[in-house]
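Novice: Please find one structure pasted underneath; my questions will follow.
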Amino acid sequence: MFNDIGPLELVTLVVLAVLVFGPDKLPKMIQDVTRTIRKIRDFSESAKADIRDELGPEFKDFEFEDLNPKTFIRKQLDNDELGLKEIRNGFDLKKEMAEVTDAVHGRESDHSSSSSGGAGGGSVDMTKKREKLDPDERPPYDADAT
């Protein structure tokens with residue numbers, strides 16, 4: 001819950017709590033807060049148990065953490081019935097990136113057997129930037145800006 005609080009921030013919170021509540025009332029406030037948190041957790045667990053009882057035996061494996069979209073998607077993608085692991089393992093990212101880079105630079109890819117018809121003549125080199133544009137000329141398409 002407090003994973004992103006550093007030591008300096010924790011010390012600041014303690015000093016602020018002592019200043020606001022005073023050293024006399026601070027232990028009582030801490031007890032009240034922990035008691036309230038404990039009651040909220042008990043209420044939450046009781047509500048989860050009631051929902052599981054109402055759902056019946058068909059949903060005995062139901063976990064409330066699965067309602068989190070990230071957890072649900074991760075669990076579904078780890079499911080081996082879909083064959084996604086074979087697809088993921090069959091995809092070679094380095095090879096694909098090399099082919100895209102070769103296509104962008106107009107070179108013939110070592111991995112592909114067909115050529116796109118020649119990269120000379122009317123192609124525009126997007127890697128080199130011109131110094132100045134003509135006054136009525138629009139700037140060229142910038143692939144990095146999109």
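Novice: Given R₀ = 35 Å, what would the calculated FRET efficiency be for Lys75 paired with His105, taking r from the Cβ atoms and rounding to 0.05? Don't skip to the answer; put the middle values down first.
Specialist: Values: r = 41 Å, r/R0 = 1.18.
Computed FRET efficiency for Lys75 and His105 comes out at 0.25.
Novice: Once the other residues with Cβ under 11 Å from the Cβ of Phe21 are scored (Lys, Arg +1; Asp, Glu -1), what is the net sum?
Specialist: On the way: positive: Lys25, Lys28; negative: Asp24, Asp32.
Within the 11 Å Cβ shell, the charges total 0.
Novice: Moving to a separate point now. With each pseudo-label sitting 7 Å past Cα toward Cβ, what's the Lys48-Glu137 distance in nm, one decimal?
Specialist: Computed distance between label sites Lys48 and Glu137 equals 6.5 nm.
Novice: Right, another one. Assign unit charges at the C-beta atoms only (+1 for Lys and Arg, -1 for Asp and Glu), then state the dipole size of the stretch 1-80 relative to its Cα centre in Debye, rounded to the nearest 20. Present the calculation step by step, with values, prior to reporting the outcome.
Specialist: Numbers: 12 positive and 16 negative charges, 102 e Å.
Its charge dipole is roughly 480 debye.
Novice: List every residue whose amide H lies under 5 Å from the amide H of Glu108, counting only residues 5 or more places away in sequence or on a different chain, with H placed 1.01 Å from N in the peptide plane.
Specialist: The answer is none.
Novice: Rounded, prolate or oblate: which one fits the stretch 2-72, using the alpha carbon gyration tensor with axes a ≥ b ≥ c (rounded when a/c is under 1.5, else prolate when a/b beats b/c, else oblate)? Before the final figure, lay out each step's value.
Specialist: Details: a/c = 6.75, a/b = 2.11, b/c = 3.20.
The shape class here is oblate.
Computed from the coordinates by the stated procedures, all read-outs in this text should not be read as laboratory data. No experiment lies behind these values; they were computed from the predicted model shown. So basically every Cβ, Gly included, is an ideal-geometry build from the backbone, and we count neighbours across all protein chains shown.
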